[in-house]
1. If I ask for residues that are surrounded by fewer than 12 Cβ atoms within 10 Å (Cβ to Cβ) and modelled with pLDDT of 95 or more, which ones from segment 66-81 would you list?
2. At pLDDT 65 or above and over 14 Å from the mean Cα position of the chain (by Cα): which single residue out of Lys46, Lys28 fits that description?
3. Cβ-Cβ distance below 7 Å, separation of 6 or more or different chains: which pairs start in segment 37-59 with a residue that is more than 19 Å from Lys77 (Cα to Cα) and end on one that is part of a strand (DSSP E or B) and among the charged types (D, E, K, R)?
4. Being aliphatic (A, V, I, L, M) and out of contact with any Ser or Thr (no Cβ under 7 Å at 6 or more places or on another chain) is the filter here, so list the residues in segment 47-57 that pass it.
5. Go through (1) loosely packed, with under 10 Cβ neighbours inside 10 Å; (2) out of contact with any helix residue (DSSP H, G or I) (no Cβ under 8 Å at 6 or more places or on another chain); (3) modelled with pLDDT under 75 for Gly10 and report which single condition fails.
6. When the residues of segment 21-63 are filtered to those that are in contact with a Leu (Cβ under 9 Å, 6 or more places away or on another chain) and part of a loop (DSSP other than H, G, I, E, B), which remaining residue is surrounded by the most Cβ atoms within 10 Å (Cβ to Cβ)?
Amino acid sequence: MDSAERGNHGRRGGEGGYRIKPSYFLPKPVKVGDELEVKVEAVGAKGDGIAKKDGFVIFIKGAQQGADVKVRIVDVKAKSAVAELIQ
């Protein structure tokens, strides 16, 4: 049985190709320059505070776990963002 007989028409991933978009194509809940208030949920291995906005991870240098902080987004990547504390 060749690929045409199986119904995938010779394409990888079956009929219709990819069904789930990779996260780098999905819209992000933050953008560079956004200012928001978040609660620092944890501290990462490098000492950065970790917060979330709609499930999207935000790393905040110098933030302490449990703190409610105001931050400015300085970089947005495929699966996370980097923010700075607003003094």
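The values are calculated or read from the model by the stated rules, or taken from the named source; none is laboratory data. Here the structure is a predicted model, which means the values were calculated and not measured. Neighbour counts run over all protein chains shown; Cβ positions are idealised from the backbone, glycine included.
1. Passing the criteria: Gly66, Asp68, Asp75.
2. Working: Lys28 fails: over 14 Å from the mean Cα position of the chain (by Cα).
Unique residue meeting the criteria: Lys46.
3. If the second residue must be part of a strand (DSSP E or B) and among the charged types (D, E, K, R), the pairs left are Glu37/Asp68; Glu37/Lys70; Lys39/Asp68; Glu41/Lys52.
4. Of all residues in segment 47-57, those aliphatic (A, V, I, L, M) come to 50-51, 57.
Hits for segment 47-57 are Ile50, Ala51.
5. Result: Gly10 fails condition (2) only.
6. Within segment 21-63, the match that is surrounded by the most Cβ atoms within 10 Å (Cβ to Cβ) is Ala63.
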